[in-house]
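Trainee: Got a structure for you, questions after.
None of the figures in this text is laboratory data; all of them are computed from the coordinates on show. Worth saying up front: this structure is predicted, and the values here are computed from it rather than measured. Neighbour counts are summed over all protein chains in view; Cβ atoms, including those assigned to glycine, are modelled from backbone coordinates with ideal geometry.
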Amino acid sequence: MSGPGLVLAIGLALIHAFVAKLNIFSFIPEFRWMSFAGGVSIGYVFLEIFPELSHAQEAIEHSEILAVAYVENHVYLLSLLGLLVFYGLDILALKSRQHNRIKNNQDSTQHTVFWIHIVAFAVLNAIVGYLLQELTNHTLLRCLLFFAAIALHFFIIDHGLREHHRAPYDKSGRWRVTAASMVGAIAGRALHLNEVAILAVWSFLAGSIILNILKRELPDEKQSCFLSFMGGAALYTGLLMLA
């Protein structure tokens, strides 16, 4: 594996491994950082994810795979499935924490739910790592913009996983989702799916990204900074249009 794919895979993997050590909120107020990240993410959704889904829908409609030949809106159904799966996982974690607080006076998930969550997000990270192979024909600026959007997304996911699982995530969970990113990147160089399969995987991933952006990365009105949000959206949109 060489070129930008290797660098981006390592960079994204390090987000989960060491982001907690950065202590970003000590020099950037949390509400400003989260608002800025939300703005970048919204720009990414509208200018990257939605157009890619439209392109994927056209490609799959013209495919010769019988399994999808009689289903309309294949891509959007896959995205909806991705959204529902990860929304269900989040609700499961919240219910588990609530149960643990009542029964054991511990504000963390139960052991089984922890592993379900870690496996799910490890698969998500592996998919991201695999799809890095698709960046080989992109410009350096476009690769960096992709990295910025996904890195911010990983940061928010890491924050949420640590909030749900506490010590078990710091001890072992973060290393597993970190390794999954690299495993996916290596698989992307060794295994080559056809275009329709890649688009289907991307569509499922897009649904999970949209959910996490809407649920975690858009701050509420009491903990938000509109100027930071607008700044993130404008900066990312402007750079993407120049790429």
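Trainee: Could you give the length gained on full extension between residue 61 and residue 214, defined as 0.36 nm per residue of separation minus the Cα-Cα distance, in nm?
Mentor: Working: separation 153, 0.36 × 153 = 55.08 nm, distance 2.82 nm.
Going from the current span to full extension adds 52.3 nm.
Trainee: Of the peptides 230-242, 198-210, how do they stack up when ordered by the mean number of other Cβ atoms within 10 Å, highest first?
Mentor: On the way: 230-242: 15.9, 198-210: 22.1.
Answer by packing, highest mean first, reads 198-210, 230-242.
Trainee: Roughly what percent of Cα-Cα pairs across region 74-137 reach past 20 Å? Write out the running numbers ahead of the final one.
Mentor: Values: 898 of 2016 pairs.
Summing the P(r) tail past 20 Å for region 74-137 gives 45 percent.
Trainee: What does the charge count near residue 110 come to, summing +1 for each Lys or Arg and -1 for each Asp or Glu among other residues with Cβ under 13 Å from its Cβ? Write down the numbers at each step before the final one.
Mentor: Numbers: positive: 95, 97, 101, 103, 166; negative: 107.
Spelling it out: positives minus negatives among the neighbours equals +4.
Trainee: Would you calculate the separation in nanometres between label points at residue 77 and residue 112, each defined as 7 Å from the Cα along the Cα-to-beta-carbon direction?
Mentor: Spacing of the two 7 Å Cα→Cβ label points: 3.1 nm.
Trainee: Where is the GNM fluctuation largest for the chain (alpha-carbon springs, 10 angstrom cutoff): 32, 189, 101?
Mentor: Comparing 32, 189, 101 in a Gaussian network model of the chain, the most mobile one is 101.
Trainee: For region 151-243, take the convex hull of the Cα atoms, compute a quarter of its surface area, and give me that in nm², please. Mind dumping the intermediate values first?
Mentor: Values: hull surface 33.3 nm².
One quarter of the hull surface, i.e. the mean projection, equals 8.3 nm².
Trainee: Give me a comma-separated list of calculated 3J(HN,Hα) values for region 182-193, in order, Karplus coefficients 6.51, -1.76, 1.60 applied at θ = phi - 60°, integers in Hz, x for any Gly or Pro.
Mentor: 6, 4, x, 5, 5, 5, x, 8, 8, 10, 10, 7
Trainee: Mind telling me which of 80, 214, 161 comes out most flexible in a GNM of the chain, alpha-carbon contacts under 10 Å?
Mentor: 214
Trainee: Okay, moving on. Based solely on its DSSP helices, what 222 nm [θ] is calculated for the chain when runs of n ≥ 4 H residues each add -39,500 (n - 2.57) and the sum is averaged over all residues, nearest 500 deg cm²/dmol? Intermediate results must be reported in sequence, preceding the final value.
Mentor: Values: 10 runs with 180 residues, N = 243.
Per the formula, -25000 deg cm²/dmol.
Trainee: Restricting to Cα atoms and excluding each atom paired with itself, what does the Kirkwood estimate give for the chain in Å?
Mentor: Details: mean 1/r = 0.0532 Å⁻¹.
Evaluated over the chain, this radius sits at 18.8 Å.
Trainee: Tally Lys and Arg at +1 and Asp and Glu at -1 over the other residues with C-beta under 12 Å from the C-beta of residue 228: what net charge comes out? Can you show the working numbers first?
Mentor: Details: positive: 32; negative: 30.
Neighbour charge sum, excluding residue 228 itself: 0.
Trainee: Right, another one. Could you list 139, 178, 109 in order of exposure, starting from the residue whose Cβ has the fewest other Cβ atoms within 10 Å? Walk me through the numbers on the way to the answer.
Mentor: Values: 139 12, 178 21, 109 26.
Result, fewest neighbours first: 139, 178, 109.
Trainee: Starting from the alpha-carbon convex hull of region 89-187, give the projected area averaged over all orientations, in nm².
Mentor: Here the figure is 6.4 nm², rounded to one decimal.
Trainee: Rank-order 125-135, 46-56 by packing density, defined as the average count of other C-beta atoms within 10 Å over each peptide's residues, highest first. List each step's numbers first, then the result.
Mentor: Values: 125-135: 21.6, 46-56: 16.0.
Descending packing order for the listed peptides: 125-135, 46-56.
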